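Notes follow once the structure below has been shown.
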């Protein structure tokens, strides 16, 4: 005889689960009882939302399926934001929730919530398991669906009588899951690839626009090879950072609302946009009709629904981007006649580098640059959402895939700290740093408890401006400086950390930054830096919402005279991304 | 903007209707009608969905439907040779001696059956393409339609062709 809970936990082991992030409660008790003797590690969070984000961070850092667990009703509801975050960014996750016994389903029982109903629009699929005999099959299917095709979260709702119930014999599982309604296309269509190659060979001003799909399908190597083969510049989305080393000569950095001027100019002037694992999000495209207006577009994505959803494309290719790139690489010849296009881009880079004022004030960009120098682009950097996220995307030098975890699609404040916890368990030997704002950090500040209890060596850098900075920036620029409910009172974050037994330093002067960062990185356990940054620093350049991406505001322009001096020193066509403290 | 007829094969499972209708609602697609029932294939149901939209919108509807794990096959059969039928029950005022005979006459022209006769009303059952039902309803309105229920149309390809699972 086996209980549903035992079948579940054995199923999780079979799927390779080593860590679950969760929070117990009434109806999930049979599962917790089973976990008590299980080799699977369970990390007790302080709020279920953090369990979902930690599972998400675990998944993004490792590429494996992250698992979170909560009880019914409020527990399950608290997972919702984390599940939605994973859904928007295509993160493989299985969320296990307790449910009231099947006999009480629909009765408004204590702690009952229709969680499969609530999460219907934010899950790839979901199951309400009604019989113990189905548990094993559902676990197998849930993990299969979560990690294959375009990955995403799958919710499994487990009524108490299903996990507590016993069955004599567990029906054998098929070796391979077969779902007649779910068969993702992995191989790109040959004729479409032919067409793409034809366009690529003709293009004079191509740009690769690479996104999270490159990271998910582990296609960075192929993508960079393609760029080098074609001498084609690459711009990445927020989710694509790390797919090409930041200092690669063909890397233009991020495009879109807070992208680099030169990336946005390059896309605007390109005659061919090679879109790889991207979804033409509004934060990338700005005003759609003026996005890449002169370009033919090749779009490779595993999800057919993303192709043509926002922007009409000329050559759609449904398939796994890595496999499609491999086919293309076998057929594309080396190009060396790109001088004119690269020279033009280099001129933009010189003229419009990313920049900030180095006037001795404590600026966030400087903090991130110093951290990047210190870690040499290694480690795992997690961000919250808002200015901290955009500054990190602009100024941290990412060199590897899965070294950057951030809530892109949903833009979930409070994501970073718990996701950093998850990332640590996925790759325990890496330094994990959460770059936070004082607003975001306070959304899941309770996880200091989880970090302290398990001595999880995550580092937190709070870029503290005592504002909800990004909203304040919009109020400054678009709402006539009317700072409606965006100012936050000062908080003694170091004091709070200390109360949990976690070390920290407050940094108030520019000169203190390097040594404080070093202390943080060299400390064995968790550490918190409360960095009091220039309060009204803005994220620039910026494309106002709904504008064309080449209509950027606030970008730095290098004076002509300086450009001439620089040009005299350089000669070749290779270029380095412009990052400059002016 | 025009009406597209989608023939959809789905798993006959709890929640599948919610998944399909929820998808239409949250993505802002307009359903004109939706009819669902079991099929000749074990464990599968067929849906006929009429959706209003331009070609790009309907393409997006179909792609999004296809993403649902419980959806097995989606076909746009608008441009195909099809048979489409809808069933309606119409309760209409028909007092003996005044309008009853006229109602019965109209019913017979439309090949509608009278399935219930009350003191003051009759219930007509009519099957046909949606246009025919519209026409009948319009004609009966002068007598006073007390209640009208339509199933939504179901559609099938003519000839030997069928909508079958391919994936």
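Any read-out appearing in this document is the output of simple, stated calculations on the displayed coordinates, not a laboratory observation. Only a predicted model underlies this, so the values are computations on that prediction, with no experimental measurement involved. Backbone-built Cβ (ideal geometry, glycine too); neighbour counts: all protein chains shown.
For the reader, a short list of remarks on this structure follows.
- Calculated log₁₀ intensity ratio I(q)/I(0) where the Debye formula runs over C-alpha points of segment A:165-274, q = 0.14, 0.19, 0.21, 0.24 Å⁻¹: -0.65, -1.02, -1.17, -1.36
- Peptides A:418-426, A:161-169, B:59-67 ranked from most to least packed give A:418-426, B:59-67, A:161-169, packing being the mean of other C-beta atoms within 10 angstrom over each peptide's residues.
- Segment A:354-532: relative contact order in percent, alpha carbon pairs under 8 Å with at least 6 residues between: 22
- Shown here is the pair-distance distribution of segment A:354-532: with all Cα-Cα distances grouped in 10 Å bins from zero up to the longest one, the shares run 10, 41, 38, 11, 1 percent.
- Counts of other chain beta carbons within 10 angstrom of each beta carbon in peptide A:172-184 average 3.
- Take each residue of peptide B:9-22, count the partner chain Cβ atoms within 10 Å of its Cβ, and average: the result is 2.
- Cα convex hull volume per residue for segment A:278-332 (Å³): 83
- The label-point distance for residue A:336 and residue A:485, in a model that sets each label 7 Å from Cα toward Cβ, rounds to 6.3 nm.
- Our estimate of slack between residue A:314 and residue A:195, defined as 0.36 nm per intervening residue step minus the Cα-Cα distance, is 41.9 nm.
- Partner shielding of A:305-311 amounts to 3, given as the average count of beta-carbon atoms from other chains within 10 Å of each residue beta-carbon.
- Burial ranking of peptide ranges A:349-355, A:478-484, A:531-537, A:230-236 (average Cβ count within 10 Å, highest at the top): A:230-236, A:349-355, A:531-537, A:478-484
- Reference-scaled alpha-carbon Rg (2.2 N^0.38 Å with N residues) for segment A:1-41: 1.09
- Label-to-label distance, nm, for residues given as residue B:80 and residue A:509 (7 Å Cα→Cβ offset): 7.8
- The C-alpha atoms of chain B define a longest principal axis, and helix B:55-67 lies at about 70 degrees to it.
- Ordering of A:77-90, A:432-445 by packing is A:432-445, A:77-90, highest average first (other Cβ atoms within 10 Å, averaged per residue).
- Surface/4 estimate of mean projected area, convex hull on alpha-carbon atoms of chain B, nm²: 11.4
- Above 45 Å, the calculated P(r) of the protein assembly as shown contains 32 percent of its Cα-Cα pairs.
- Between segment B:131-165 and segment A:285-337, the alpha-carbon center distance in angstrom: 44
- Along principal axes, Cα extents of segment B:84-154, largest first, whole Å: 37, 18, 18
- Only helical runs count toward this figure. For chain A, summing -39,500 (n - 2.57) over DSSP H runs of n ≥ 4 and dividing by all residues gives -10500 deg cm²/dmol at 222 nm.
- Applying the Kirkwood pairwise sum to the alpha-carbon positions of segment A:2-167 produces a hydrodynamic radius of 15.0 angstrom.
- Dividing the radius of gyration of the alpha carbons in segment A:190-351 by their Kirkwood radius gives 0.92 for Rg/Rh.
- C-alpha center-to-center spacing [segment A:56-91, segment A:415-473] in angstrom: 17
- Binned Cα-Cα distances of segment B:28-79, short to long, each 10 Å bin given as a whole percent: 21, 57, 21, 2
- Alpha-carbon centroid distance for the pair segment B:53-95 / segment A:38-55, whole angstrom: 44
- Shape call, segment A:1-73: gyration tensor on alpha carbons, a/c limit 1.5: oblate
- Against the main long axis of the alpha-carbon atoms of chain A, helix A:416-426 sits at an angle near 70°.
- Relative to the longest principal axis of the Cα atoms of chain B, the long axis of helix B:100-109 makes an angle of roughly 40 degrees.
- Percentage, to the nearest whole number, of Cα pairs in segment A:291-376 over 16 Å apart: 75
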